[in-house]
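A.B. asks: Following this message is one structure expressed as structure tokens.
The values are calculated or read from the model by the stated rules, or taken from the named source; none is laboratory data. Predicted, not measured: the structure shown is a model, and the values here were computed from it. Note that each Cβ is placed from the backbone with ideal geometry, even for glycine, and that neighbours are counted across all protein chains shown. Protein only, heavy atoms only, side chains kept; ligands, DNA and RNA dropped before computing areas. Shrake-Rupley method; radii C 1.70, N 1.55, O 1.52, S 1.80 Å.
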Amino acid sequence: MLTIGCHLSSSKGYLAMGRDAVKINANTFQFFTRSPRGTKAKALNHKDIASFLDYAADHGIKKVLAHAPYVLNPASADEHLRSLAGDIMADDLSRMEYLAGSCYNFHPGSHVGQGAETGISHISQMLNRILKPELHTTVLLETMAGKGSEIGREFEELREILDRISLSDHMGVCLDTCHVWDAGYDIANHLDEVLNRFDAAVGLNRLKAVHLNDSRNPLGSRKDRHARIGEGCIGLDAMVRIINHPALKDLPFYLETPNELDGYGKEIELLRRHEENAAGSHVCP
Ligand code: FE
Ligand code: FE
Ligand code: ZN
């Protein structure tokens, strides 16, 4: 069965997110560890976490994905901002231990004129500072659209970062379908070829999650504007091929489309209907 969910608001806590997920027939979800724009995190509510873990086990919710605040820039030219990004991510990772076995996704950052090479070196230094052998969370680099000076538009840049991490078995990649499309990878017409390129550069074994978003803009636009499933330039047929592709179908999928909860529910229903060989689907002899 497809593991699929969407980005949910964490404002009411973990149990509330679990309930929201179940309401829309999701069996996973993504959430921000703290305000996506700010840096303040709420104190952990251990009772809420314990209730959530019970609820998740009862309702088949698995592979929840945390997303770092997107204002952080581990590639910044400003040393102070770089160390702030590292401190916040280290704090997030220590909190994530209560959800042991989950993934934590972040945007590699923007080099803001220093050049990709310098940016990549900042990012890998930060990861080497905060990753600890005893942590149980896999940290994911997100593939980026290449807006401005974003690092991670090309698969090779992600590989460059991964190559420099000493505890690299704590690292993986999250592929965002809108971002790779905007970056110029034609997943609508040449999915196999794009996945082969990913495999050659990064390794498909590193791929741990997929952000499933359509794009408002044409291939290679570098804009990063998400569209609802089937309502953008990538299209529904491509989304259906993505969720059913042998290299992808067992990964967790997270919708980050412009929707409220009921809109996400409709997208999940639509995608579940298009899952091939789903349990209960009729196979002719
Ligand atoms: Fe993201
Ligand atoms: Fe994303
Ligand atoms: Zn995006």
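A.B. asks: Taking 0.36 nm per intervening residue step and subtracting the Cα-Cα distance, what contour gain separates residue 70 from residue 132 on full extension? Before the final figure, lay out each step's value.
C.D. replies: On the way: separation 62, 0.36 × 62 = 22.32 nm, distance 2.25 nm.
Taking 0.36 nm per residue and subtracting the Cα distance, the gain is 20.1 nm.
A.B. asks: Using 0.36 nm per residue, how much length does the chain from residue 196 to residue 149 gain when fully extended, once their Cα-Cα distance is taken away?
C.D. replies: 14.4 nm
A.B. asks: Pick from 150, 193, 256: which is most flexible by mean-square fluctuation in a GNM of the chain where alpha carbon atoms under 10 Å apart are linked?
C.D. replies: Of the options given, 193 has the highest mean-square fluctuation.
A.B. asks: Stretched out fully, how many nm does the piece from residue 45 to residue 98 gain, at 0.36 nm a residue minus the Cα gap? Before the final figure, lay out the partial values.
C.D. replies: Numbers: separation 53, 0.36 × 53 = 19.08 nm, distance 1.04 nm.
Extra length from residue 45 to residue 98 when fully extended: 18.0 nm.
A.B. asks: Turning to a different aspect of this structure: With the dipole of segment 1-121 worked out from charges on the C-beta (+1 for Lys and Arg, -1 for Asp and Glu) around the Cα centre, which of 96, 11, 66 lies farthest toward the positive end?
C.D. replies: 11
A.B. asks: Placing unit charges on C-beta atoms (Lys and Arg positive, Asp and Glu negative, everything else neutral), compute the dipole magnitude of segment 55-146 about its Cα centre in debye, rounded to 20. It would help to have the intermediate numbers written out before the result.
C.D. replies: Values: 6 positive and 10 negative charges, 39 e Å.
The calculated dipole for segment 55-146 is roughly 180 debye.
A.B. asks: Mind checking which of 128, 45, 25 has the largest fluctuation in a GNM of the chain, springs on alpha carbons under 10 Å?
C.D. replies: Top of the fluctuation ranking is 45.
A.B. asks: Using 12 Å as the cut-off for backbone N distance, which residues of segment 229-256 belong to the label zone defined by a point 7 Å from the Cα of residue 276 along Cα→Cβ?
C.D. replies: Hits in segment 229-256 for residue 276 at 12 Å: 240-249.
A.B. asks: Next question, about the same structure. Rounded to the nearest 500, what is the 222 nm mean residue ellipticity of the chain from helices alone, with -39500 (n - 2.57) per DSSP H run of 4+ residues and division by all residues? Mind dumping the intermediate values first?
C.D. replies: Working: 9 runs with 106 residues, N = 285.
Value at 222 nm, helices only: -11500 deg cm²/dmol.
A.B. asks: Further, regarding this structure: Quick one: work out the % antiparallel among DSSP beta bridges in the chain, nearest 5.
C.D. replies: Numbers: 3 of 31 bridges.
Antiparallel: roughly 10 percent of the beta bridges in the chain.
A.B. asks: Cα to Cα, under 28 Å, and not fewer than 8 places away if on the same chain: which lysines meet these conditions relative to residue 62?
C.D. replies: 12, 23, 40, 42, 47, 132, 208, 249, 266
A.B. asks: On a 1.4 Å probe surface of the protein chains, which of 82, 37 comes out largest in accessible area, and what is the full order?
C.D. replies: Details: 82 50, 37 165 Å².
Solvent-accessible surface, decreasing: 37, 82.
A.B. asks: So what's the gap between the Cα centers of segment 113-129 and segment 221-246, to the nearest angstrom?
C.D. replies: Answer, in whole Å: 30.
A.B. asks: Related question: How many nm is it between the label spots at residue 247 and residue 78, if each spot is 7 Å from the Cα in line with the beta carbon?
C.D. replies: With each label point 7 Å from Cα toward Cβ, the separation is 3.9 nm.
A.B. asks: Using θ = phi - 60° and the Karplus relation 6.51 cos²θ - 1.76 cosθ + 1.60, list the HN-Hα couplings for segment 189-203 in order, rounded to whole Hz, with x at every Gly or Pro.
C.D. replies: Result, ordered by residue: 10, 9, 4, 4, 5, 5, 5, 5, 5, 4, 4, 5, 7, 10, x Hz.
A.B. asks: Enumerate the calculated ³J(HN,Hα) couplings along segment 171-181 in order (Karplus 6.51 cos²θ - 1.76 cosθ + 1.60, θ = phi - 60°), each rounded to whole Hz, writing x wherever the residue is Gly or Pro.
C.D. replies: Each residue's phi maps through the Karplus curve to give 10, x, 10, 10, 8, 9, 5, 5, 5, 5, 4 Hz.
A.B. asks: Sticking with this one: Which percent of the accessible heavy-atom area of the chain goes to carbon and sulfur, probe 1.4 angstrom? Show your work: numbers first, answer last.
C.D. replies: Working: 6350 of 12840 Å².
Roughly 49 percent of what the probe reaches on the chain is carbon or sulfur.
A.B. asks: Right, here's the next one. Hey, what's segment 4-273 come to in accessible area per residue, 1.4 Å probe, Å²? Write out the running numbers ahead of the final one.
C.D. replies: Working: 11530 Å² over 270 residues.
Dividing the accessible area of segment 4-273 by its residue count gives 43 Å².
A.B. asks: Here is a further query. Dividing the alpha-carbon radius of gyration of segment 4-273 by 2.2 N^0.38 Å (N being the number of residues), what value is obtained? Walk me through the numbers on the way to the answer.
C.D. replies: On the way: Rg = 17.5 Å, N = 270, 2.2 N^0.38 = 18.5 Å.
This ratio for segment 4-273 stands at 0.95.
A.B. asks: While we're on this one: Using protein chains only and a probe of 1.4 angstrom, how many square angstrom of residue 135 are accessible, to the nearest 10?
C.D. replies: Here the accessible area works out near 30 Å².
A.B. asks: To continue, here is another question. Would you give the gap between the C-alpha center of segment 20-88 and the C-alpha center of segment 151-211, rounded to a whole Å?
C.D. replies: Comparing the Cα centres of segment 20-88 and segment 151-211, I get a distance of 22 Å.
A.B. asks: Could I ask something else about it? Place a label point 7 angstrom from the Cα of residue 91 along the Cα-to-Cβ direction, then list the residues of segment 3-34 whose backbone nitrogen is under 13 Å away.
C.D. replies: Label zone hits: 33-34.
A.B. asks: Turning to a different aspect of this structure: Would you mind checking which residues have amide H under 5 Å from residue 202's amide H? H placed 1.01 Å from N; only 5 or more apart, or other chain.
C.D. replies: For residue 202, no residues qualify.
A.B. asks: Give the ranking of 178, 233 by solvent-accessible surface, highest area first, calculated with a 1.4 Å probe.
C.D. replies: These residues rank, largest area first, as 233, 178.
A.B. asks: Using the Karplus equation 6.51 cos²θ - 1.76 cosθ + 1.60 (θ = phi - 60°), what ³J(HN,Hα) coupling, rounded to whole Hz, does each residue of segment 237-254 give in order, writing x for Gly and Pro?
C.D. replies: For segment 237-254, the Karplus curve yields 4, 5, 4, 5, 5, 5, 5, 9, 5, x, 7, 10, 4, 8, 7, x, 10, 10 Hz.
A.B. asks: Continuing with this model, one more query. What number, in percent, do you get for the relative contact order of the chain if the mean sequence gap of Cα pairs under 8 Å and at least 6 apart is divided by its residue count? Display every interim value, and only then the final one.
C.D. replies: Numbers: 566 pairs, mean separation 49.9, N = 285.
Relative CO of the chain lands at 18 percent.
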